[in-house]
Amino acid sequence: MKLRAHHILCIQGYMGNGYDKNFTNNMDQIVKHLKSNPKSKVTIIDSIDCICSKCPNTINNTHCQTQDKVKTLDLNVINLLNIQKNKTYTYDDILDILSTNLSIDKFNRICSNCQWFEYGYCKDALSKLLKIT
Ligand code: SF4
């Protein structure tokens, strides 16, 4: 599976909400698959992925309506979490990287401009992953 870099954070905070039913049905399957198959192979990219492919914000299956914003999110995840673009990891490797390299400060820097940030789901989920109470 190919995932754009910032989606590894979205997956942690996902609570079943999204842009429309088509999007959430797809996201449900992807999240369920990764959580039940931690050895799944995930290649990190910074372009349209299997989550974008069912998103109403995808244009011509080539780019996102908010392309500049999401590219910045991807770049920040790659740089701040020391992840390599185009490298294939297992999903549990990615969870280890998040536990080791992410902090709440980095999370705020990466995600504070995201429309979902204000709901707090992502911060709660990542705090649990980082064992911050
Ligand atoms: S198309 Fe844009 S808004 Fe939709 S999932 Fe992809 S990056 Fe997110």
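The values are calculated or read from the model by the stated rules, or taken from the named source; none is laboratory data. A quick note: this is a predicted structure, and the numbers were derived from the prediction, not measured. Here the Cβ positions follow ideal geometry from the backbone for every residue, glycine too, while neighbour counts run over all protein chains shown. Ligands, DNA and RNA are stripped out before the accessible areas are found, and what is left, the full protein with its side chains, is counted by its heavy atoms. Shrake-Rupley method; radii C 1.70, N 1.55, O 1.52, S 1.80 Å.
List the number of the failed condition for Tyr119; all other conditions in (1) at pLDDT 95 or above; (2) closer than 20 Å to Thr24 by Cβ hold.
(1)
Taking the residues in the range 73-124 that are among the polar types (S, T, N, Q) and in contact (Cβ under 8 Å) with a residue 40 or more places away in the chain as candidates, determine which candidate is nearest to Ile11 (Cα to Cα).
Going through the qualifying residues, I end up with Thr90.
With the structure loaded, tell me whether Asn76 is assigned to a loop (DSSP other than H, G, I, E, B) and of a type in the set (S, T, N, Q) or whether it fails that test.
no
Among the residues of the range 24-58, write down those that are open to solvent by 20 Å² or more (accessible area, probe 1.4 Å) and in a helix (DSSP H, G or I).
Asn25, Asn26, Asp28, Gln29, Lys32, His33, Lys35, Ser36, Ser53, Lys54
Before we move on, is Val70 open to solvent by less than 70 Å² (accessible area, probe 1.4 Å), touching a strand residue (DSSP E or B) at 6+ places or on another chain (Cβ under 8 Å) and either within 16 Å of the ligand (Cβ to nearest atom) or of a type outside the set (A, V, I, L, M) (or both)?
yes
Filter the range 73-99 down to the residues that are of a type in the set (Asp, Glu) and either open to solvent by 30 Å² or more (accessible area, probe 1.4 Å) or at pLDDT below 95 (or both), then identify the one that is nearest to Asn25 (Cα to Cα).
Applying the first criterion (of a type in the set (Asp, Glu)) to the range 73-99 yields 74, 92-93, 96.
Okay, now just the ones that are also either open to solvent by 30 Å² or more (accessible area, probe 1.4 Å) or at pLDDT below 95 (or both), so 92-93, 96.
On the way: Asp92: 23, Asp93: 25, Asp96: 27 Å.
Among those residues, the one meeting the criterion is Asp92.
So for the range 42-56 (the condition being away from the ligand (no atom under 11 Å from the Cβ) and under 20 Å from Cys122 (Cβ atoms)), does at least one residue qualify?
yes
Taking the criterion of being closer than 20 Å to Trp116 by Cβ and among the polar types (S, T, N, Q), would at least one residue in the range 82-96 satisfy it?
The answer is no; no qualifying residue exists.
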